[in-house]
Amino acid sequence: MLELYQFELSQFSEKVRLILDYKGLAYRKIEVVPGMGQLELFRLSGQRQVPVLKDGNTVIADSTAIALYLDKTYPDRPIIPTNPQQKANCLLLEQWADRSIGGEGRSILLEGLKNSNLRTSILPTGTPDVLKNLVGSIPKEAIDILGLGLGLTPDAIKASKAEMHRSLESICMLLSQNSGAYLTGDTPTLADLTVAGLSLVLKIPEGPYLDIPFNLKGKGVPGFADNPDYDLFFTWRDKLYADFRKPHVPNINNNSGAAPATPTTIAID
């Protein structure tokens, strides 16, 4: 079975999960708990970032590399068009979304992390209570200092928000021209699945797709999730989820020998 090393609320992990579900591929989620160095993931893939996909002896890091590998290795329900113009548009949109919606979304999320409940809720399943308590007790001022250390000054966050507004407005224009169907053709492509998955940090889908506290579902970043100008976008995104994203199934004890549906924690030194 395919194994996905991930964080449950990682937007790039969600991009890959949406691709896997669209293709109808069975996979096991392995939740990477934050820790010193994340040595297990580094030993596996040579780097410390999720998502990482393991297929037998093959290990692939980076969401785009994973998407290309899956489409080549499991060609049913292709996500990259064969038509040259549609293929070019798809790959350009995917690359743009990674940088714009993906990159700017991380910056915008920093402000939300000033809420202690949100900080502890987004920690991966299996995070020790002592670490949860430590993260929850971090004062807002420390989050600001952390942001400054990452170059996320108030002006930088303001610029990220402006860029995100432009991105969503552009996607809404594309959808309105395509009657709200798909971005580059008559079927979903890597572009659609990327844009939809990366929007996770803007507004969490309300459906039963993620192993997260119930009170987080449907919540999002003020000014985006509750902005009526983006109703078309989130309606489109939620329909894509309803059509293709598989629901999260809680782990239950059985004798079937099947792999557990809930994330499996790996040891991090």
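The values are calculated or read from the model by the stated rules, or taken from the named source; none is laboratory data. Owing to the predicted nature of the structure, the values given are computational and were not obtained by experimental measurement. Please note: Cβ atoms are built from the backbone with ideal geometry, for glycine as well, and neighbour counts cover all protein chains shown. When the accessible area is computed, the model is the full protein with side chains, heavy atoms only, and any ligands, DNA or RNA have been set aside. Shrake-Rupley method; radii C 1.70, N 1.55, O 1.52, S 1.80 Å.
Scanning the stretch 72-90 for residues that are open to solvent by less than 70 Å² (accessible area, probe 1.4 Å), part of a helix (DSSP H, G or I) and not polar (S, T, N, Q), we see that the one that is nearest to ALA196 (Cα to Cα) is CYS90. Do you know which residues across the stretch 3-53 are of a type in the set (Val, Ile, Thr) and at pLDDT 80 or above? Across the stretch 3-53, the qualifying residues are VAL16, ILE19, ILE30, VAL32, VAL50, VAL52. Within the stretch 158-208, the set of residues being out of contact with any helix residue (DSSP H, G or I) (no Cβ under 7 Å at 6 or more places or on another chain) and of a type in the set (Gly, Ala, Ser) comprises ALA159, ALA162, SER170, SER179, ALA181.
Here GLY223 does not fit the description of being farther than 18 Å from GLY105 by Cβ and either in contact with a Cys (Cβ under 8 Å, 6 or more places away or on another chain) or open to solvent by less than 60 Å² (accessible area, probe 1.4 Å) (or both). The residues of the stretch 24-43 that are over 24 Å from ASP129 (Cα atoms) and buried (at least 18 other Cβ atoms within 10 Å of the Cβ) amount to a single one, TYR27. Looking across the stretch 185-223, the residues that are in a loop (DSSP other than H, G, I, E, B) and closer than 16 Å to ALA97 by Cα come down to PRO188, THR189, LEU202. Look at (1) open to solvent by 10 Å² or more (accessible area, probe 1.4 Å); (2) within 24 Å of PHE244 (Cβ to Cβ) and you find that GLY102 fails only one, number (1). Of all residues in the stretch 197-214, those that are open to solvent by 20 Å² or more (accessible area, probe 1.4 Å) have Cβ atoms under 7 Å from Cβ atoms of residues that are among the polar types (S, T, N, Q) and part of a loop (DSSP other than H, G, I, E, B), 6 or more apart or on another chain, in ASP211/THR125; ASP211/THR262.
Checking each residue in the stretch 48-66 for being more than 14 Å from the chain's Cα centre (by Cα) and open to solvent by 50 Å² or more (accessible area, probe 1.4 Å) picks out ARG48, LYS54, ASN57, THR58, VAL59.
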